[in-house]
Amino acid sequence: MFIHPLSDVQSNEIGQGTRVWQFSVILEKAKIGSNCNICAHTLIENDVVIGSNVTVKSGVYIWDGIIIEDSVFIGPCVAFTNDKNPRSQKYPDSFAKTLIKKGVSIGANATILPGITLGENCMIGAGAVVTKNVPDNAVVVGNPAKIIKYIEN
């Protein structure tokens, strides 16, 4: 495991071979698997589970309630959300759960609304705004994101 000295890693649950780069913050209760690459300028909150072989590019904040399975790619500046009705200084009793299944790829600057599931091996186009569940192997683009095709295995 490699943790850059300019990062703030409070979690002890980080798998072997994972690399955490500078200016990253990982809170105490976060769980991260093996062989992940957590790029610079990222934040991972407490109620987060990240599988193995996951890439989190720069500028990504992973909030409470997000579960990321194995072999997921999260492009630069992807915006996750976890509160359907955000208000300043008012917090829900619990945050919506968002599930990113195995093999998903999310393009740069995509926005993922709370409480949805991204199906296995689906692909989210750069800049897409995902407002509802995406089926396995689907490719979605646009605002709101719409299915344009399916990936053949």
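Coordinate-derived values only; no laboratory data. The model shown is predicted, which means the values in this text are computed figures rather than measured ones. Heads up, the Cβs are rebuilt from the backbone with ideal geometry, glycines too, and the neighbour counts pull from every protein chain shown.
For the chain, set up a Gaussian network in which alpha carbons nearer than 10 Å are linked by springs, and say which option among Gly17, Gly33, Gly125 fluctuates the most. Top of the fluctuation ranking is Gly17. GNM on the chain, alpha-carbon springs under 10 angstrom: the most fluctuating residue among Lys90, Lys132, Lys29 is Lys90. Report the paramagnetic label zone for Leu6: residues of segment 60-87 whose backbone N is under 17 Å from a point 7 Å from Cα along the Cα-to-Cβ axis. Flagged as within label range: 60. Distance between the C-alpha centers of segment 132-152 and segment 14-63? Whole Å please. If we compute the Cα centre of each part, the gap is 26 Å.
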